[in-house]
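Peer 1: Below are the structure tokens for one structure; questions will follow.
The values are calculated or read from the model by the stated rules, or taken from the named source; none is laboratory data. Keep in mind the model is a prediction, meaning the values are calculated, not measured. Methodologically, a virtual Cβ is constructed for each residue, glycine included, from the backbone with ideal geometry; neighbour enumeration extends over all protein chains shown. The protein model used for the area step is the full one, side chains on, heavy atoms only, and it has no ligands, DNA or RNA in it. Shrake-Rupley method; radii C 1.70, N 1.55, O 1.52, S 1.80 Å.
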Amino acid sequence: MDMNWLIPVIAALMVYACIYYYLKTKKVLPHVIDFMGPCILIKTERVGIFDTLARPKKLLYAYASAGVILTILCGLCVTVMFLVSGLLSLTVPTEPIPPQDLLLIPGVNSYVPSTFAVWFSLVFAMVIHEAGHGIISRVEHMRVKATGLLTLIIPIGAFVESYGEDVENARLGSKLRMFAAGITNNIVIGTVCLVLLAALLGLAVPGDHPYVYGVYSGYPAEEAGVPPGLIVTDIDGYAVYSLDDITAALAKTRPGQTVTLSGEYKGEAQSYDIMLAAVPDDLQSTITAADSDAGYLGISFMEPESLAGAVDMLTHPASFAEAVGSFMTFLVLPLSSIMGMDVLSFIAADTPDPAILAAPFFGYWGLVHLLFWCAWLNLLLGIFNALPLGGLDGGQMLRESLRHLCRKVGWKETRAYQICGMVTYLLILIVILQIIMPYMW
């Protein structure tokens with residue numbers, strides 16, 4: 001198991017502990033810096049911005065009311081998904097989750113890179129979430145005491161602190177709208193970013209030559225050092241503009257023959273002399289008899305037009321079922337390397353070679369990455385917070401709803417807390433099962 005991530009994490013913890021100790025003992029900026037357990041709170045009591053943003057009260061009231069319905073539906077869906085995944089973890093063997101991937105820390109998590117787009121999107125999603133709580137609090141006449149960021153080495157959340165008595169005395173509907181507002185903001189902003197991303201991806205211009213999508217282990221191309229991503233322009237003097245051209249060029253070759261593969265990699269001309277092998281037995285059924293005696297490179301090729309087509313299918317679904325499929329593909333896109341979707345990984349991580357997909361304007365790919373991570377992190381934060389888990393917005397909505405129900409039917413409110421506790425423990429158990437079960441098979 002790769003533990004290289006552990007050293008920088010331990011070093012960061014030690015530096016953070018020193019900063020925490022200094023700030024707390026020296027009481028640096030007490031009106032700005034506060035502490036909650038091991039976390040440092042960077043806060044301000046200047047919260048007038050929420051009054052300003054809360055002025056279109058009727059519009060925001062309708063927005064927040066719709067958000068309650070959206071949050072309940074989202075919470076039900078994600079809870080069902082948790083339960084199903086928990087059951088599957090008991091019956092279907094899966095690979096263990098590396099410890100660092102349990103943390104959404106850019107650069108530590110294997111699938112979340114430490115880039116400006118990711119860090120900006122992470123903080124932006126937190127701020128957007130808490131801004132929803134603060135604005136709707138004022139719409140519902142609940143006073144806001146302070147707002148700020150919660151840090152534990154890195155920012156792990158934002159917060160809006162309301163006056164407890166105002167929240168306690170508010171009507172159920174007001175509480176639900178306030179708690180759901182952060183989730184609503186995340187889902188709405190995430191969806192807007194996703195729509196903009198889909199529109200932007202359609203502007204990329206496909207290149208003129210096929211490229212190396214993958215190199216098979218143990219075959220001639222790997223031995224010659226051919227890299228994935230190589231733009232192929234020529235095979236033994238035969239100009240290449242399509243997959244058909246590659247097939248035609250190789251049809252005249254035989255195993256043991258040496259051919260020269262020419263092209264461009266990251267803007268530099270490249271040339272590789274490759275001694276061809278025989279076509280593997282497991283591929284004989286996929287080629288014609290005329291080509292069965294041709295030489296074999298051990299390369300999987302792809303055309304830029306095919307890549308553009310895959311992007312178009314993802315961003316322009318033709319039916320509701322395809323739209324759901326596109327959304328699920330989007331959610332797991334950072335995991336593309338283990339989900340068999342490497343062809344689309346450039347949306348989340350890398351910038352493709354301009355000879356594969358050319359940017360229509362300067363800064364295009366930076367904007368693509370920013371929109372992707374803004375959409376992904378906002379939707380992830382919103383969906384996760386909709387869980388009826390104690391401490392999350394979904395859990396607080398469940399608690400307040402059950403308290404209201406208990407008062408109406410004459411039960412003690414302790415029943416509401418007991419039910420919420422059981423739901424929380426069940427969901428935590430499901431998470432623990434999914435972590436430990438892969439080690440039990």
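Peer 1: Which value in deg cm²/dmol, rounded to the nearest 500, describes the helix-derived mean residue ellipticity at 222 nm for the chain, given -39,500 (n - 2.57) per DSSP H run of n ≥ 4 and division by the residue count? Before the final figure, lay out the partial values.
Peer 2: On the way: 14 runs with 226 residues, N = 441.
Taken over the chain, the calculation gives -17000 deg cm²/dmol.
Peer 1: Pairs of lysine in the chain with Cα under 18 Å and at least 8 positions apart or on different chains: total?
Peer 2: Details: Lys24/Lys43; Lys26/Lys43; Lys27/Lys43; Lys43/Lys145; Lys57/Lys175; Lys58/Lys175; Lys145/Lys175; Lys175/Lys408.
Taking the chain as the scope, the lysine pair count is 8.
Peer 1: Tell me, in nm to one decimal, what length is gained between Thr115 and Glu165 on full extension, where the rule is 0.36 nm per residue of separation less the Cα-Cα distance?
Peer 2: Working: separation 50, 0.36 × 50 = 18.00 nm, distance 4.15 nm.
Gain on stretching Thr115 to Glu165: 13.8 nm.
Peer 1: Just the isolated ones, please: cysteines in the chain lacking another cysteine beta carbon under 4.7 angstrom.
Peer 2: Cys18, Cys39, Cys74, Cys77, Cys406, Cys420 - these cysteines have no disulfide-compatible partner (Cβ-Cβ under 4.7 Å) in the chain.
Peer 1: Let me ask you something else. Please report, as a whole percent, how much of the solvent-accessible surface of the chain comes from carbon and sulfur atoms (probe radius 1.4 Å).
Peer 2: Details: 15690 of 23530 Å².
Answer for the chain: carbon and sulfur cover 67 percent of the accessible area.
Peer 1: May I ask you to compute the full-extension gain from Leu87 to Val332, defined as 0.36 nm times their residue separation minus their alpha-carbon distance, rounded to one decimal in nm? Mind dumping the intermediate values first?
Peer 2: Values: separation 245, 0.36 × 245 = 88.20 nm, distance 2.04 nm.
Full extension of this stretch gives 86.2 nm more.
Peer 1: Let me ask another. When the Cα centres of region 178-228 and region 304-381 are compared, how far apart do they sit, in Å?
Peer 2: Each part reduced to its Cα centre gives a spacing of 3 Å.
Peer 1: If you roll a 1.4 Å probe over the heavy atoms of the protein chains, what accessible area per residue do you get for the chain, in Å²?
Peer 2: Working: 23530 Å² over 441 residues.
Heavy-atom SASA per residue in the chain reads 53 Å².
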